[in-house]
Amino acid sequence: MKIVVGMRQLADLVEELEVADSGVDIDRDFVKFVSNEWDEAALEEALLIKEQVGGEVVVVALDEPDVDQTLYSAIAKGADRAVKIVGVEEGWTPTRLRAQLLAKYLESEGDWDAFFTGVQAADDLDGQLAGLIGASLGVAHAAVVSKAEPEGPALRITQELGGGTLAESVAEGKVVLGVQAGRQAPRYAPITRIRQAMSSTTIESFEAPEVELGPGPKVRKLYPPESKGQATMLEGDPVEVAEKIVEIIRTKGLVR
Amino acid sequence: MSNEVLVINERVQGEIPDLTFELIGKGRELAQALGGSVSVAMIGDLSSLDAFGGADKVYTVEHPVFGSGYSAQAWEEAVAEVVAVARPKVVLFGTGTIGIDLAGSIAYREKAPLASYVVDLKVEGSDVVAVSQLYGGKLLAESLLEGETVVATVIAGSFPSEAGRSGGSPEVVSVAAPKSLDSLTLRPVAVKEPEKSGVDITAADLLVSVGRGVGSQANIEMLQELADALKVPLSASRPVIDQGWLPKPHQVGKSGKKVKPKVYLAFGISGAPEHLEGMRSSELIIACNTDPKAPIFEVAHYGTTLDLFDLVPEILEKLEA
């Protein structure tokens, strides 16, 4: 089974995000970019399938800050090839544009069986990737996937419907999946393996073709939410704060 | 094109989700501003049709395939057919699995703009303005949606649901099932209810809940100790479950359980919208997170930015004293 995994870089949400002078994007100059965590789950699921039934895993990403690190790390984890889509304008890339570029790449790759990517990304203003790629290729798609298991030439897919309810379906033919969580947590690639991947692998380039971006939301402003400041902050050292918390629980009659 | 606002009822089985009523209520407001009506698309299971008194019209699509479970492809074909019949101005989904599955592809097929993670909507002239929650709730984006049809996916809890429950009697329009439903490549097989486990986090009066900030599986032990000392279950946010540090029945949030304890103690939880959806109705929320700007403090009643590793041992000591 040949699985292509779409990965991407995303501003590290652990860091403070500032709005750029344009007022419609984040200030990208001082932000650390990391791999989208859901894409890592998608990669893990693809690698598990390869280990079960053989085949090939190709990772593909747009040329974004520090993306080489993500691609080499994917190779170190067991992906066979890495492809970078180059020639894309810097800044926020609408998910729809991302989808159309990846769809063009997938058309050029031709003989793939499944495309996996993360269920969402924190800046998916105009929709999530799997549905948009599925629609642009005319291929069946499913999101919030928590399991994809080979069943002969098909894939048995489990989706989370919310509240712990699961939906199972079987994909016979090409399929695009937005993965929420793999069957296991994403594996770790030791730095020595990543270095090895860097010296032994060449990241392939795919020149971004011209695509006509369809209609999308026109961002008028990006701004931090007004703080309602609801929480009363408990002041003091750990001993004092612990005392206050226990007291609050006690007044609710939940501890003696 | 009409000025209709079409709400997609995201119910595969069981009860009609609250979110559908939220969308009908908000849809009514938008429809009034647009001079149009509100309709609901009901796919597959047609029970509780009379719940939609808040809408003017209900479109139904029936086909045997919906009896076998859920397939994104089957739902997409059915919803696309309803959209083709209704020609709505606005299509509203929730940000649940069905919304994430279908909003993008329906918008793509309709050549319509789509705004995701929406927490507010209003009409401006003949266009729609959406406010979306991005970057895990750290920023909001206001965007203009122009076009004959526009699509939005709304985060649950953004609008009151009561407004969508008023009691009228909507017209029922049966939409012929599209032929494409007979040749699906993504076949529904089954819908499985959550596995029963010894833990029921929804029944507890007090929950100790842990998030990504705990750092590792080994560190969970300290929080488990606190939960044990309080004789309550340990719950968690999604990253902890995805890492395999705690089993699924412990998960609070959109893809886990909705909880409403008297006290919710959140340690190392930043408060992503999906998590807040599952716990914001708790009577009292106490949050511990080292990031003073963490969105969890927007819903918490009490907060501290102390390190959980300094704080939890002290709480344990106080409890043992």
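The values are calculated or read from the model by the stated rules, or taken from the named source; none is laboratory data. Owing to the predicted nature of the structure, the values given are computational and were not obtained by experimental measurement. Cβ coordinates were reconstructed from backbone atoms using ideal geometry, including for glycine residues, and neighbour counts include every protein chain displayed. Surface areas here come from the heavy atoms of the whole protein model, side chains and all, with no ligands, DNA or RNA. Shrake-Rupley method; radii C 1.70, N 1.55, O 1.52, S 1.80 Å.
In this Cβ point-charge picture (+1 for Lys and Arg, -1 for Asp and Glu), chain A has a dipole of about 760 debye about its Cα centre.
Between residue A:14 and residue A:204, residue separation times 0.36 nm minus the direct Cα-Cα distance comes to 65.3 nm.
Per-residue ellipticity at 222 nm from helix content only, as computed over chain A with -39500 (n - 2.57) for each DSSP H run of at least four residues, stands at -9500 deg cm²/dmol. The dipole here belongs to the range B:5-183: it is taken about the Cα centre, uses +1 on the Cβ of Lys and Arg and -1 on the Cβ of Asp and Glu, and is about 180 debye. Over chain A, with a Gaussian network built from C-alpha contacts below 10 Å, which listed residue (A:161, A:43, A:101) shows the highest mean-square fluctuation? Of A:161, A:43, A:101, the most mobile in the Gaussian network model is A:161. DSSP beta bridges confined to the range B:201-320 are antiparallel in about 0 percent of cases. Estimate the FRET efficiency between residue B:33 and residue B:84 by the formula 1/(1 + (r/R0)^6), using the beta-carbon distance for r and 30 Å for R0, to the nearest 0.05. It comes to 0.75.
For the range B:64-107, what % of the accessible area comes from carbon and sulfur atoms, probe 1.4 Å? About 51 percent, which is the carbon plus sulfur part of the accessible surface. For chain B, DSSP calls about 25 percent of its internal beta bridges antiparallel. Taking amide H atoms as placed 1.01 Å from N in the peptide plane, the amide H of residue A:127 lies under 5 Å from those of B:116, each 5 or more residues away in sequence or on another chain. Compared with the dominant principal axis of the Cα atoms in chain A, helix A:191-200 is inclined by about 30°. Legend: distances between Cα atoms for A:104/A:221; A:252/B:318; B:111/B:257; A:84/A:221; A:147/B:254; B:192/B:258; pairs beyond 25 Å are A:104/A:221; B:111/B:257; A:84/A:221.
The C-alpha atoms of chain B define a longest principal axis, and helix B:97-110 lies at about 40 degrees to it. Taking the charge dipole of the protein assembly as shown about its Cα centre, with +1 at Lys and Arg Cβ atoms and -1 at Asp and Glu Cβ atoms, the residue from A:249, B:16, A:20 reaching farthest to the positive side is B:16.
Quick check: the distance between the Cα centres of the range A:209-254 and the range B:105-137, to the nearest angstrom? Comparing the Cα centres of the range A:209-254 and the range B:105-137, I get a distance of 23 Å. In order along the range B:249-265, the Karplus-derived 3J(HN,Hα) couplings, from 6.51 cos²θ - 1.76 cosθ + 1.60 at θ = phi - 60°, round to x, 8, 7, 9, x, 4, 8, x, 9, 8, 10, 8, x, 5, 9, 10, 9 Hz, and Gly and Pro are given as x. Interface between chains B and A: roughly 7500 Å² of accessible area buried, both sides summed (probe 1.4 Å, protein heavy atoms only). The mean accessible area for residues of chain A, using a 1.4 Å probe and ignoring ligands and nucleic acids, is 42 Å² per residue.
Using the Cα centre of the protein assembly as shown as origin and beta-carbon charges of +1 (Lys, Arg) and -1 (Asp, Glu), tell me which of A:200, A:214, A:114 is placed farthest towards the positive end of the dipole. The one lying farthest along the dipole's positive direction is A:114. Across peptide B:309-316, the average count of Cβ atoms from other chains found within 10 Å of a residue's Cβ is 5. Mean residue ellipticity, 222 nm, helices only, chain B: the sum of -39500 (n - 2.57) across DSSP H runs of n ≥ 4, divided by residue count and rounded to 500, is -8500 deg cm²/dmol.
Phi angles across the range B:279-288 convert, under the Karplus curve 6.51 cos²θ - 1.76 cosθ + 1.60 with θ = phi - 60°, into 3J(HN,Hα) values of 9, 5, 8, 4, 4, 9, 10, 10, 10, 10 Hz, Gly and Pro given as x. Ligands, DNA and RNA left out, the 1.4 Å accessible surface of the range B:201-320 is 47% carbon and sulfur atoms.
Per residue of B:106-114, other chain Cβ atoms within 10 Å of the residue Cβ number 6 on average. For the pair the range A:120-162 and the range B:167-232, the centres of their Cα atoms are 18 angstrom apart. Taking B:88, B:233, B:247 in turn, the Gaussian network model of chain B (Cα-Cα springs below 10 Å) assigns the largest fluctuation to B:247. For the range A:2-207, the share of DSSP beta bridges that are antiparallel, to the nearest 5, is 40%.
Solvent exposure of chain B, expressed per residue, is 36 Å² of accessible area, with all protein chains present and a 1.4 angstrom probe.
What do you get for the angle between helix B:308-320 and the principal long axis of chain B? Use alpha-carbon atoms, 0 to 90 degrees, nearest ten. Helix B:308-320 sits roughly 60 degrees off the main axis of chain B. Residues in the range A:217-222 carry Karplus couplings, in order, of x, 9, 6, 9, 7, 10 Hz; the curve used is 6.51 cos²θ - 1.76 cosθ + 1.60 with θ = phi - 60°, and Gly or Pro positions show x. Between residue A:252 and residue A:109, the distance separating the two model label sites (each 7 Å from Cα on the Cα→Cβ line) works out to 4.8 nm. Taking A:32, A:221, A:77 as the candidate residues, the one with maximal mean-square fluctuation in a Gaussian network model of chain A, Cα springs under 10 Å, is A:221. Each part gets one Cα centre, and for the range A:165-185 versus the range A:10-57 those centres are 19 Å apart. The candidates B:138, A:2, A:252, arranged from most to least accessible area with a 1.4 Å probe in the full protein assembly, appear as A:252, B:138, A:2.
Here the protein assembly as shown is treated with +1 on each Lys and Arg Cβ and -1 on each Asp and Glu Cβ, and its dipole about the Cα centre works out to around 1020 debye. Sparsely packed loop sites in the range B:212-295 (the GluC sites (Glu not before Pro) outside DSSP H, G, I, E and B with at most 15 other Cβ atoms within 10 Å) comprise B:283.
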